[in-house]
Amino acid sequence: MSSTSIHATKLASALTQLVQLCQSNFQIQLSVQQLQSDVPYRDTVLAELAQLDDASLQALITQIRQLAAEADTVSAAPAATPGSAAKPAAATVPVSMRWYGLAALLLLSTAAGAWYLAGSNTEPAAVQAAPLAAAAGVTASASAAMAAVPASAAPEVRLPLLRVHGSNTVGEKLAPALLEAFLASQGASQFSWHTQNSDVERLLDFSDNTGPNRVQLHAHGSGTAFKDLLSGKADVGMSSRRVTGDETDKARASLGDLSKIGNEHIIALDGLAVIVNQNNPLKAISTETLAKMFSGEISNWSQLGGADRPIVLLARDHNSGTYDTFNSLVLKKFAKKLSEKAQRFESSTELSVAVSQDEAAIGFIGLNYISYNKALAISEGADTTPIYPTRFTVSTEDYALSRRLYLYTPTSASQLAKDFAQFAISEPGQALVEQSGLISQNIRVEQVYPIEGAPATYNRYAGTGQRLSLNFRFNYGENDLDNKGKRDLQRLIRFMEQNSGRRLVLMGFSDSIGAVAKNTELALRRAKAVERELVSRGIAVMAVESYGELLPVANNDTDAGRERNRRVEVWVI
């Protein structure tokens, strides 16, 4: 990474934080793009904002001026000659800009109490965006801007180049590994982690060819990812659940549509394991029984054929995406609420340790936190087979409590934030996912065996072929692949290029809602849609089969179950 590009990245990050800070605390809207490309506009804006008497804002303005001057020095260095320094040009500030400066001062006075609390943080908050007047025709140089506030007069502030907030499941092990590997690929070295206010708040200090830098990592739970993106405290959000419709609507104006493929990055798969102590004889459980246990309706192990002892319930905290997933897939499914007697944990590791120390305990955590405990096989009802959480059943999302792990970036995110998200879904990033104990999206091959009662063609394929660890799924009510499916297409293409002697078979399945013939037709239509996508990319498909509502992997009585049954399996011969 060249000195010029590193300085540009630092300046872009600082300008993004300025835009977000102004919107969040002063209701002033600025344009990151114009601040980067239009130096007179930037200098005039900084001069106006400098009139606001706020220490954090002043520190950020000073840093931007320093970074801009350094960037100018680096880019101009080859042509520099002694005595060639340009004389600073006088800035002409239009009346409209002065009016917006006064308006900002009035807004500041009305929000003084709230800003005082925000200003007490050691690191300035940063948020997304609303219009400071465009300074058309203004001529002001970076030298003039630097002259306005001498660099030596302000304290040194080292802001994070990147702020990654959200899920503890992602943030505890995976995010640190991804951040170090990504930054190393950009030329960084000398990594050092430091804890801040709590164990889930950390700073990663490192060095590159511009000097010392840092990244901020906060892992308080998935709910904080979207809150902090919206408030501008984060550049990248980590989540162990998908963004909700309400969160998408709230963020749309300032962050863009977080549900779109450009902003939503599925970085790993995880199985939500239900764990008991190794000495507990229980092996399998249905989601309905789980709901009754965690709501308190079933409160003694003797009710399940075990010892006469009270059930000790352990659950993740309310901010956790792990809890959100369990609440959605188990409790809400049966109109239950978590018992008030459940002990809550902010850390998955601590919850897992607590289960291992108590034979009466039961809890739920991510697959890579099972540790010394026993994971139970989960069924979705009397008509479905209990399935254990394995790497393959989670990869295919056949396991009832499978979930996706995400990074979210705003449409206007910095290049550094977007590059980090892209690294996470790349093959090197997915290798780190695997090393961290989560389930990567790199394709694996699994032997499948004939199933009693399955169609003859299915069992013939089971005898001669193998199944790949991905299923294509679709947006509800559409023939359009979901975001994971769109990226899985590229992974499948790479797999076939590396395994050119193998032949593809696509198998379509549906839920059981509606007429059998209609469901068979829908399943075939979706399998054909995948075939078209592959053929258009130069990958031939040997056969396309439709089995409609046969061989369900989930209960068709729920939306989540029906969604998992609507799938296209990928086999190789």
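The values are calculated or read from the model by the stated rules, or taken from the named source; none is laboratory data. No experiment lies behind these values; they were computed from the predicted model shown. We place every Cβ from the backbone using ideal geometry, glycine too, and count neighbours over all the protein chains shown. Note: accessible area is taken over every heavy atom of the protein model, side chains too, but ligands, DNA and RNA are not part of it. Shrake-Rupley method; radii C 1.70, N 1.55, O 1.52, S 1.80 Å.
Structure notes:
- Taken over the stretch 430-444, the criterion of being open to solvent by less than 10 Å² (accessible area, probe 1.4 Å) and in contact with a strand residue (DSSP E or B) (Cβ under 7 Å, 6 or more places away or on another chain) is satisfied by 433, 438, 439, 440.
- Failed item in (1) buried (at least 21 other Cβ atoms within 10 Å of the Cβ); (2) farther than 14 Å from residue 346 by Cβ, with residue 184 passing the rest: (1)
- Residue check, residue 413 under 24 Å from residue 305 (Cβ atoms), modelled with pLDDT of 95 or more and among the aliphatic types (A, V, I, L, M): no
- Answer residue from the stretch 469-488, given it is assigned to a helix (DSSP H, G or I) and in contact with a Lys or Arg (Cβ under 7 Å, 6 or more places away or on another chain) and is nearest to residue 544 (Cα to Cα) among those: 485
- Condition met for residue 32 (closer than 20 Å to residue 160 by Cα, modelled with pLDDT under 85 and of a type in the set (Val, Ile, Thr)): yes
- For residue 198, the conditions (1) more than 21 Å from residue 424 (Cα to Cα); (2) assigned to a helix (DSSP H, G or I) all hold with the exception of (2).
- Residue that is outside any strand (DSSP E or B), open to solvent by less than 30 Å² (accessible area, probe 1.4 Å) and among the acidic types (Asp, Glu), where the choices are 398, 383: 398
- Search result, residues across the stretch 338-351 that are out of contact with any Asp or Glu (no Cβ under 8 Å at 6 or more places or on another chain) and within 15 Å of residue 320 (Cα to Cα): 338, 342, 343, 350, 351
- Residue selected from the stretch 35-68 under the condition among the acidic types (Asp, Glu) and within 23 Å of residue 6 (Cα to Cα), by the criterion most open to solvent (accessible area, probe 1.4 Å): 38
- Residues (assigned to a loop (DSSP other than H, G, I, E, B) and surrounded by 22 or more Cβ atoms within 10 Å (Cβ to Cβ)) located in the stretch 401-420: 401, 409, 410, 413, 414
- Only one of the numbered conditions (1) touching a Leu at 6+ places or on another chain (Cβ under 9 Å); (2) not in a helix (DSSP H, G or I) is violated by residue 423, and that is (2).
- Residues (open to solvent by 30 Å² or more (accessible area, probe 1.4 Å) and within 21 Å of residue 264 (Cβ to Cβ)) located in the stretch 445-493: 475, 476, 477, 478, 479, 480, 486, 487, 490
- The stretch 201-222: number of residues that are outside any strand (DSSP E or B) and either surrounded by fewer than 23 Cβ atoms within 10 Å (Cβ to Cβ) or in contact with a Leu (Cβ under 7 Å, 6 or more places away or on another chain) (or both): 3
- Checking 205, 228, 257, 249 one by one, the residue that is among the acidic types (Asp, Glu) and touching a Lys or Arg at 6+ places or on another chain (Cβ under 7 Å) is 205 and no other.
- Within the stretch 241-258, the only residue that satisfies the criterion of being among the hydroxyl-bearing types (Ser, Thr, Tyr) and within 12 Å of residue 411 (Cβ to Cβ) is 254.
- For residue 374, the stated conditions hold: it is open to solvent by 30 Å² or more (accessible area, probe 1.4 Å), modelled with pLDDT of 95 or more and under 19 Å from residue 438 (Cα atoms).
- Residues in the stretch 494-508 that are open to solvent by 20 Å² or more (accessible area, probe 1.4 Å) and assigned to a helix (DSSP H, G or I) were compared, and the one that is nearest to residue 565 (Cα to Cα) is 495.
- Residue within the stretch 515-535 that is of a type outside the set (S, T, N, Q), assigned to a loop (DSSP other than H, G, I, E, B) and open to solvent by less than 30 Å² (accessible area, probe 1.4 Å) present: no
- Search result, residues across the stretch 326-363 that are under 16 Å from residue 437 (Cβ atoms) and open to solvent by less than 50 Å² (accessible area, probe 1.4 Å): 347, 348, 351, 352
- Evaluation of residue 550 against (1) farther than 22 Å from residue 457 by Cα; (2) part of a loop (DSSP other than H, G, I, E, B) (one fails), failing number: (1)
- Any hit, the stretch 310-320, residues being farther than 14 Å from residue 289 by Cα, surrounded by fewer than 18 Cβ atoms within 10 Å (Cβ to Cβ), modelled with pLDDT of 95 or more and not small (Gly, Ala, Ser): yes
- Residue 511 part of a loop (DSSP other than H, G, I, E, B) and open to solvent by 70 Å² or more (accessible area, probe 1.4 Å): no
- Residues satisfying the stated conditions in the stretch 281-294, i.e. open to solvent by 30 Å² or more (accessible area, probe 1.4 Å) and either of a type in the set (A, V, I, L, M, F, W, C) or over 21 Å from residue 563 (Cβ atoms) (or both): 281, 282, 283, 284, 289, 292
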